[in-house]
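Each reported figure results from applying straightforward, stated rules to the coordinates on display, with no laboratory input. None of the values given here were measured: they were computed from a predicted structure. Virtual Cβ from ideal backbone geometry, glycine too; neighbours counted across all protein chains shown.
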Amino acid sequence: MYLSLYTISTKNIKASVVIPPLFINRGCWLFRRNMHHFLPAMSATRQNWVVSLFGLSLIPVIFKPIDTAVHFGLNHTYVPCADALHSHYFPSSATATTTTTATCKHLSSVLGSESSSCISPGSTNK
């Protein structure tokens with residue numbers, strides 16, 4: 001239970017708190033840097049408002065791709081490693097078996113086929 005709660009909170013923190021501000025900041029920086037090409041002769045106050053509105057308009061555009069990329073990345077890197085470590089140190093735990101099985105099912109649904117890289121407790125990954 002602790003492992004899955006930690007995994008979920010890690011995904012949500014990265015997908016909603018860490019990565020979007022970086023994209024919004026860089027998008028606003030590029031927009032402000034190139035704004036004089038398509039919006040010449042504008043006051044500084046109006047420029048600030050236009051850049052702020054551009055940054056706000058980026059939010060719905062970047063939300064889904066970032067969320068999908070973070071979940072895909074963590075499901076293929078962190079989750080299998082954490083499950084393997086958990087099953088190694090706690091071999092009799094039913095939570096590790098359930099979590100690993102759910103992870104493998106999720107991976108196979110994302111990839112569209114049965115994934116051969118799934119690590120299950122008691123098996124060796126060769």
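With a cut-off of 15 Å between beta carbons, the residues surrounding Met42 carry a summed charge of +3, where Lys and Arg count +1 and Asp and Glu -1. When each of Tyr89, Tyr6 is scored by the number of other beta-carbon atoms lying within 10 Å, the sequence from fewest to most is Tyr89, Tyr6. Here the Karplus relation 6.51 cos²θ - 1.76 cosθ + 1.60, evaluated at θ = phi - 60°, turns the backbone of the range 74-87 into coupling constants of 6, 5, 9, 10, 6, 4, x, 5, 5, 5, 5, 5, 5, 5 Hz, with x for every Gly and Pro. Taking Lys and Arg as +1 and Asp and Glu as -1, the other residues whose beta-carbon sits under 12 Å from that of Gly55 total +2.
Counted residue by residue at 0.36 nm each, then reduced by the alpha carbon distance between them, the extension gain from Ile8 to His36 reaches 5.8 nm.
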